[in-house]
Amino acid sequence: MEFLLENILNLTGFLVGLGIGVMSLIGYKNTGSPTLFRLTVAFFSISAGFFVIWAGYTAEDLFLHTGSIEGWVQTLGTGIQTVGYFFIAFSHSIKSFFPKSAHFRMMIPLPLFLTSSVQLEHIFRSMSFIFLAYGAIETMLSYFENRNRGAISVAVGLGLLALGEFLGWYSFVFPDSILYPASMVSRIGGLIALFIPVSRVPLTRVRFDK
Amino acid sequence: MAVYRTHMKIIGEILETTQADLQDGNGASVTYLIRKANISHSRISGILSTLVSQGLLEQTATSGTNKYKISQSGREFLHAYYAFTKFADSFGLSI
């Protein structure tokens, strides 16, 4: 059951991320908007992250049978997704996320060399949670300003993804509980909610620039 | 409270004005665009020359004054602008 959910989640994430990424890329090619460029990077990253996990698990199950790569694949995929979530949050103008001092900036990657893959996954999941929660709150605030109903769906989607990341992170504390399947269901719901308003954008006469 | 407009939004408003509010068949004058798009003369001059060089606007000189008309590429850009403004709005963002 868990394996099936994992596969559904990764394939949905790959396809939804790819779909929104391609749409953002078409928008960027047509308008040259930097916001759409950031969304393109964000959603291609999210799509690639889900694909890495899906491909890793599938390769392990069908061909490799080593029993050792799953942890690293999960960490790598989660890390790539975190980059995508960062760009979504960054689009909402995070101005004071990084320390201003160059010396402190140099220290940022240091923890990544001092931790195991499991600890790295903890770090990525907690960062993803922060980015997604920030994105959900900002999107909901923009709904109160513009009353664009699509923003509610995106805010709910980002919120469910954030909840999924939180539950996924918390399931390390209680392994083999219902938390991990609940995390996957929440994330699948979030991805679907994210795609609903995007699927309604009229693209009939929009084309790539020559 | 003053609402901040992105560069893209200003371009959209200028193209929108040249498409919808033409005073005559020759196009809109700079003064008319300044008033309708609510932008300073120094800023609009640069934007108009960029839009003309990109082929989004057509410039015509009538009785000593420059007038601007939206081109076919400009119409296509405006269509894309509307579609992707809605797309970005869904994410709570401005293009």
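The values are calculated or read from the model by the stated rules, or taken from the named source; none is laboratory data. Values in this document were obtained by computation on a predicted structure and should not be read as measured data. Ideal geometry is used to build each Cβ from the backbone, glycine not excepted, and the neighbour counts take in all protein chains shown. All accessible areas refer to the heavy atoms of the entire protein, side chains included, with ligands and DNA or RNA removed. Shrake-Rupley method; radii C 1.70, N 1.55, O 1.52, S 1.80 Å.
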Tell me, what is the 1.4 Å probe accessible area of residue A:87, in Å² to the nearest 10? 50
What net charge do the residues around residue A:82 carry, taking every other residue with its C-beta under 12 Å from that of residue A:82, with Lys and Arg at +1 and Asp and Glu at -1? -1
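Give me the Kirkwood hydrodynamic radius of the protein assembly as shown in Å, from all C-alpha pairs, to one decimal place?
Numbers: mean 1/r = 0.0464 Å⁻¹.
Over the protein assembly as shown, the inverse of the mean reciprocal pair distance is 21.5 Å.
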Note: residue A:55 to residue A:199 extended length (0.36 nm per residue) minus current alpha-carbon separation gives 49.2 nm
Rounded FRET efficiency, nearest 0.05, which uses the C-beta distance separating residue A:68 from residue A:174 and R0 of 35 Å: 0.90
Per residue solvent-accessible surface (Å²) - the protein assembly as shown, probe of 1.4 Å: 52
Among B:26, B:11, B:74, which residue has its Cα positioned farthest towards the positive end of the charge dipole of chain B, with +1 placed on the Cβ of Lys and Arg, -1 on the Cβ of Asp and Glu, and the dipole taken about the Cα centre? B:11
Taking a spot 7 Å from the Cα of residue B:7 along the direction of its beta carbon, which residues of region A:19-43 have an amide N less than 13 Å from it? A:32-35
Which of the residues in region A:17-31 lose at least 50 Å² of accessible area when you go from the chain alone to all protein chains together (probe 1.4 Å)? A:31
Give, in nm to one decimal, the length gained when the segment between residue A:8 and residue A:130 is fully stretched (0.36 nm per residue of separation minus the Cα-Cα distance). 41.5 nm
Counting only protein heavy atoms and rolling a 1.4 Å probe, how much accessible area do B and A lose on contact, total for both sides, in Å² to 100? 2000
What Kirkwood radius, in Å to one decimal, follows from the Cα pairs of region A:1-73? 13.3
First compute the accessible area of the protein assembly as shown with a 1.4 Å probe, then give the percent of it belonging to carbon and sulfur atoms. 65
I want the local charge near residue A:140. Using Cβ-Cβ distances under 13 Å, sum +1 for each Lys or Arg and -1 for each Asp or Glu among the other residues. 0
